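Trainee: Okay, here's the structure, questions in a sec.
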């Protein structure tokens, strides 16, 4: 098959949609080698995490004409159709919630991945203009695509509820994580990274954007109430981050909270593997990749009850009320003091994570493609 991808996020985004796009392209080009893959991006951007551009079965397609380069956003949504046709595509997969307008008028089959509908569940977190744009693009793409991939059962249900899409059109295909998280590092390697960032020997870990929905503040409040425990935060943010920094300063917990803004991607696995646990207190996610990264790193996880979290975390992860700082604090303390439980969670967690292995995801994705 000749398969095209909307690969903008693979080049533009380091986290979230970028990770999903890169991982999808990587595993398909590896496990389904007999296909030709075309990556459509409005602009070529150097990204250290893109390591597949030289693969023989991958071709990168960007706008060539001055007009298309000047109006690259238009090219991505409309103008690229002529390029899809000229490359004789059998199928096009929109990896980040949208497909080009007009593709439904061609002979090219289409798939769109919907990651979440958080802008509809939590509208106050988005400005009205963005909400209207997202609603139009997402719903239109769901209506026009031949098949929809939801990254969790929770997202599938939201697509049905908010967009009135027939459930038969939607297939759940989980996402995995980068293979970099699946290799155990030597103790010397881990220690070198811990020393590089001047981190304590014992700590709990938070990974994710520092924004209101991710709920870092509750974790800070919990840590503030626990003696002799350190928190390492990998992530960046804007106004909500400033609120968190103010709380840290006001409560004088600077010495036990370490916020890392610019961590090399290659260093993150060592930090996961060195953590006593990973705490992910988010109110809502489409899936929650840091949970999978932690499970593969043999790091116990505490996350939130409800939503998609139990799909990602499995039966041995600890689930708490995201709105209860007390519940979070007690769960952290209890797990921190129970080494036997942590060891059991490590063993069972990595077993559960095998359902998100690359070969299974590649197989499930290609089943969707073949059955259109």
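Values quoted throughout were computed directly from the atomic coordinates according to the rules given, and no laboratory measurement underlies them. Every value quoted in this text rests on a predicted model; they were computed, and no experiment measured them. Please note: Cβ atoms are built from the backbone with ideal geometry, for glycine as well, and neighbour counts cover all protein chains shown.
Trainee: Angle, helix 239-250 long axis vs. longest principal axis of the chain, Cα atoms, 0 to 90°, nearest 10?
Mentor: It works out to around 10 degrees.
Trainee: Also, I was wondering about something else. Got a sec? How would 258, 265 order by Cβ neighbour count within 10 Å, fewest to most?
Mentor: 265, 258
Trainee: Here is a follow-up. Give the Cα extents of the range 179-356 along the principal axes, in whole Å, largest first.
Mentor: The Cα atoms of the range 179-356 stretch 42, 37, 30 Å along their principal axes.
Trainee: If only Cα atoms are counted, what is the Rg of the range 134-179, and what is its Dmax, in Å?
Mentor: Gyration radius and largest Cα-Cα distance of the range 134-179: 11.1, 36 Å.
Trainee: Another question, if that's okay. Express the Stokes-Einstein translational diffusion coefficient of the chain in µm² s⁻¹, to the nearest whole number, given a Kirkwood radius over alpha-carbon pairs, 25 °C and a viscosity of 0.890 mPa s.
Mentor: 113 µm²/s
Trainee: Quick one: divide the alpha-carbon radius of gyration of the range 1-103 by 2.2 N^0.38 Å and tell me what you get.
Mentor: 0.99
Trainee: Give me the Å³ per residue figure for the convex hull around the C-alpha atoms of the range 274-372.
Mentor: 94 Å³
Trainee: If we count other beta carbons within 10 Å of each Cβ, what is the order of 370, 243, fewest first?
Mentor: Going from sparsest to densest Cβ surroundings: 370, 243.
Trainee: For the range 246-324, rounded, prolate or oblate, judged on the Cα gyration tensor with a ≥ b ≥ c (square roots of eigenvalues), a/c < 1.5 rounded, else prolate if a/b > b/c?
Mentor: Oblate, because a/c is 1.5 or more while a/b does not exceed b/c.
Trainee: With 10 angstrom as the radius, rank 109, 143 by how many other C-beta atoms surround their C-beta, starting from the fewest.
Mentor: Values: 109 19, 143 14.
Sorted ascending by nearby Cβ count, the order is 143, 109.
Trainee: Now for a separate question. Is the shape of the range 167-277 rounded, prolate or oblate, going by the alpha carbon gyration tensor and its root eigenvalues a ≥ b ≥ c, with a/c under 1.5 for rounded and a/b larger than b/c for prolate? Walk me through the numbers before you get to the answer.
Mentor: Details: a/c = 2.11, a/b = 1.16, b/c = 1.83.
Oblate shape, in that a/c is at least 1.5 and b/c is the bigger or equal ratio.
Trainee: Just how far, in whole angstrom, is the range 1-38 from the range 220-263 if you go by their alpha carbon centroids?
Mentor: That distance is 35 Å.
Trainee: Please compute the length gained on full extension between residue 182 and residue 35, using 0.36 nm multiplied by the number of residues separating them and subtracting their Cα-Cα distance.
Mentor: 50.3 nm
Trainee: Next question. Find how much the distance from residue 202 to residue 127 grows on full extension, using 0.36 nm per residue of separation minus their present alpha carbon separation; answer in nm with one decimal.
Mentor: Result for the pair: 23.0 nm of gain on full extension.
Trainee: Which of 29, 357, 65 moves the most in a Gaussian network model of the chain with Cα springs under 10 Å?
Mentor: Looking only at 29, 357, 65, the biggest GNM fluctuation is shown by 65.
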